[in-house]
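Here's the structure, in structure tokens; my notes come after.
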Amino acid sequence: MIDSSTDLERRRFPWALARIDLWGMIGAVGALLIGTLLSMLWGPLFLLGLFAMVVAVLATRKAERTPPSDAAAIVSPVDGVLVSVSTGLPPAELRLSGGDFTRLRVASSPASTTPIHAPMTGEISSLIEEAGDASMRFASDPDEVGLANAYATFTSGEDAVAIRVVTGGLGPRLDITAETGDAVRVGRDIGYRRLGGWCDIWLPAGSALAVWPGMTLKGAETRLVQLGAQAAAGQGDLANVAAEAVPFEMPQLDEDAEDAPAAEGETTFDAKSDAASAEAEPEEAPRTEQHNDDDGVVKDATEQFARLRKKVESSKSDPD
């Protein structure tokens, strides 16, 4: 429900939605202090502390998000770019059955926000975590062996959506805070993935996707699937319009019909004869305004004006 507490007009900078975790701030300040101390020994060593500070900030970066209020919405669990859409069998760790599913693969940069959001409202029916190898620092290939993985399946009645989150194995890059059996709402934070990685989203085959490859997705806000009721209503309306539409054809003149005799009681239009008759018909002479004198005789207006003019001239010539 929209009320005064959600009014962004009260904020001085409504676009400032980025946040940094408390531990990230502590780590950034500590790295900066260490870099300052090292610079006393040798100046360029300060860059090491500066680099550690940047990593600490990026590894704990968050952002305020507003999930859809629709309980049936399916949203992106992470920030990133949708790189591919394919169809196939999901991994066995997701424990999905029913044939093929549609897979959306999202790639996230190290500067992406860290929270992992629940893609739908329901229950976490399955959750599996796999620790990565410390030698795998970066996730250059999401299918590479040794990366840190998290498999989570969300169910609501007969609907099911599953995700696989992948990142490097060095350090605490992947941390899932939710547990199996937890009831979650769409957009809720279920864990953190630091310094980017990959995320595979598995949807039921045949879902009406609202995204396409190359699109930038925003975690907890970007809808992945069109609303079923609206999509069905829209297709029904288009079908009704197509069924009721009547093709329009411009009338064509038959040249042979011009010479054909008109049927009995039917009038014909001949452009040539009408134009000739219009030219031959004389113009009507303009009418002059007439009026009645006191004696009842009809006089022409021009003649009457001439008589009045003579009377005026004679009155001027009279010596009296």
Once the Cα atoms of segment 30-123 are picked out, what are the Rg and Dmax in Å? 20.6, 64
Taking a probe of 1.4 Å, how large is the accessible area per residue of segment 59-214, in Å²? 43 Å²
With the label point 7 Å along the Cα-to-beta-carbon line of ILE20 and a cut-off under 20 Å to each amide N, the hits in segment 44-68 are 46-65
For segment 70-110, which whole-number percentage of the solvent-accessible area (1.4 Å probe, protein heavy atoms only) is attributable to carbon and sulfur atoms? 55 percent
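Ignoring ligands, DNA and RNA, how do ILE128, ILE34, ILE176, ILE201 rank by accessible area with a 1.4 Å probe, largest first? Numbers along the way, then the final one.
On the way: ILE128 45, ILE34 100, ILE176 25, ILE201 0 Å².
Result, largest first: ILE34, ILE128, ILE176, ILE201.
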Amide H neighbours of MET215 under 5 Å, counting only residues 5+ apart in sequence or on other chains, H built in-plane at 1.01 Å? LEU82
What is the distance, in nm, between label points placed 7 Å from the Cα along the Cα-to-Cβ direction at GLU129 and at LEU8? 3.4 nm
Per q in 0.18 1/Å, what log10 I(q)/I(0) does a Debye calculation on the alpha-carbon atoms of segment 72-155 return? -1.00
Percent breakdown of C-alpha pair distances by 5 Å bin, ordered from the shortest bin, for segment 109-163: 4, 16, 20, 20, 19, 13, 7, 2, 0
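Taking all protein chains together and a probe of 1.4 Å, list ASP141, ASP21 from the most accessible to the least accessible. Provide the component values of the computation, followed by the final result.
Details: ASP141 70, ASP21 50 Å².
These residues rank, largest area first, as ASP141, ASP21.
The values are calculated or read from the model by the stated rules, or taken from the named source; none is laboratory data. On a predicted model such as this, the values are computed, not experimentally measured, just so you know. Counting neighbours? That spans all protein chains shown, and the Cβs are built from the backbone with ideal geometry, glycine included. Protein only, heavy atoms only, side chains kept; ligands, DNA and RNA dropped before computing areas. Shrake-Rupley method; radii C 1.70, N 1.55, O 1.52, S 1.80 Å.
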